[in-house]
Amino acid sequence: MRDNKILWDISPAEIEKKSFDIIESEIKDHPFSDKEWYVVRRIIHATANFEVARSIVFKNNPIDAIGTALKKKVIIFCDSRMIAAGISIDKLKKFNKGYTKASIVCKISSAQIKARA
């Protein structure tokens with residue numbers, strides 16, 4: 001039990017906050033800007049791998065480039081249906097209101113891709 005709550009009675013927001021608190025406590029010093037650290041923390045959170053932070057390098061301002069591209073409503077190509085399903089249209093609409101599910105393309109299951117594989 002934690003603070004008189006059983007572990008499965010913790011909200012998703014509480015779990016996420018605790019996860020990020022753990023990441024922050026484990027990696028105090030890093031070479032990343034605030035924008036980069038936001039991305040790196042998400043990668044650590046998704047993979048549960050603290051070591052991944054040592055192999056990440058940002059060159060040529062990719063985060064700003066992504067923001068610029070999203071404002072132009074670029075098509076987003078994914079190589080996994082799970083990734084495509086996890087992309088939030090509501091968050092994309094913050095960059096460009098024209099985004100829809102059709103803006104996210106995953107052809108991994110298409111007959112052409114299967115034939116080439």
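Please list, ordered by first then second residue, the pairs with beta carbon atoms under 8 Å, 6 or more apart or interchain, first in the stretch 89-103 and under 12 Å from residue 75 (Cβ atoms), second surrounded by 12 or more Cβ atoms within 10 Å (Cβ to Cβ) and among the charged types (D, E, K, R).
Going by the 8 Å Cβ cut-off, the qualifying pairs are 96/73; 98/73; 99/73; 99/93; 103/73.
It is to be established whether one or more residues within the stretch 64-72 are without any contact (Cβ under 8 Å) to a residue 12 or more places away in the chain, among the polar types (S, T, N, Q), loosely packed, with under 11 Cβ neighbours inside 10 Å and assigned to a helix (DSSP H, G or I).
no
Given (1) closer than 22 Å to residue 13 by Cβ; (2) at pLDDT below 95; (3) hydrophobic (A, V, I, L, M, F, W, C), where does residue 115 come up short, assuming only one miss?
Evaluating residue 115 over (1) closer than 22 Å to residue 13 by Cβ; (2) at pLDDT below 95; (3) hydrophobic (A, V, I, L, M, F, W, C) leaves (1) as the failure.
Among 58, 95, 50, which is modelled with pLDDT of 95 or more, surrounded by 14 or more Cβ atoms within 10 Å (Cβ to Cβ) and touching an Asp or Glu at 6+ places or on another chain (Cβ under 8 Å)?
On the way: 95 fails: touching an Asp or Glu at 6+ places or on another chain (Cβ under 8 Å); 50 fails: surrounded by 14 or more Cβ atoms within 10 Å (Cβ to Cβ).
Exactly one of 58, 95, 50 is modelled with pLDDT of 95 or more, surrounded by 14 or more Cβ atoms within 10 Å (Cβ to Cβ) and touching an Asp or Glu at 6+ places or on another chain (Cβ under 8 Å), namely 58.
Criterion first (modelled with pLDDT under 95 and assigned to a helix (DSSP H, G or I)) does residue 22 satisfy it?
Details: modelled with pLDDT under 95: no; assigned to a helix (DSSP H, G or I): yes.
Answer is no for this residue.
If the Cβ limit is 6 Å and pairs must be 6+ apart or interchain, which residue in the stretch 23-39 that is touching a residue at least 24 places away in the same chain (Cβ under 8 Å) and on the phi < 0 side of the Ramachandran plot pairs with which residue that is basic (Lys, Arg) and in a helix (DSSP H, G or I)?
Hits for this filter: 23/41.
Which residues, taken from the stretch 69-100, are of a type in the set (Ser, Thr, Tyr) and more than 17 Å from the chain's Cα centre (by Cα)? Reasoning before the result, please.
Residues of the stretch 69-100 of a type in the set (Ser, Thr, Tyr): 80, 88, 99-100.
Within the stretch 69-100, 99, 100 meet the criteria.
Among residues belonging to the stretch 61-81 that are among the basic types (Lys, Arg) and at pLDDT 95 or above, point out the one that is nearest to residue 29 (Cα to Cα). Explain how you work it out, then say what you get.
So in the stretch 61-81, the residues among the basic types (Lys, Arg) come out as 71-73, 81.
Subsequent filtering for residues that are at pLDDT 95 or above retains 71-73.
Working: 71: 32, 72: 35, 73: 35 Å.
Filtering the stretch 61-81 for residues that are among the basic types (Lys, Arg) and at pLDDT 95 or above, the one nearest to residue 29 (Cα to Cα) comes out as 71.
With respect to residue 28, is the statement that it is more than 17 Å from the chain's Cα centre (by Cα) and not assigned by TED's automatic domain parsing to the domain that holds residue 117 true?
Numbers: more than 17 Å from the chain's Cα centre (by Cα): yes; not assigned by TED's automatic domain parsing to the domain that holds residue 117: yes.
Considered against the rule, which asks whether it is more than 17 Å from the chain's Cα centre (by Cα) and not assigned by TED's automatic domain parsing to the domain that holds residue 117, residue 28 comes out as yes.
Identify, please: which residue in the stretch 73-88 is in contact with a strand residue (DSSP E or B) (Cβ under 7 Å, 6 or more places away or on another chain) and without any contact (Cβ under 8 Å) to a residue 24 or more places away in the chain and is, among those, nearest to residue 42 (Cα to Cα)?
Among residues in the stretch 73-88 that are in contact with a strand residue (DSSP E or B) (Cβ under 7 Å, 6 or more places away or on another chain) and without any contact (Cβ under 8 Å) to a residue 24 or more places away in the chain, the one nearest to residue 42 (Cα to Cα) is 87.
The values are calculated or read from the model by the stated rules, or taken from the named source; none is laboratory data. Being a predicted model, the structure only gives us computed values, none of them experimental. Counting neighbours? That spans all protein chains shown, and the Cβs are built from the backbone with ideal geometry, glycine included.
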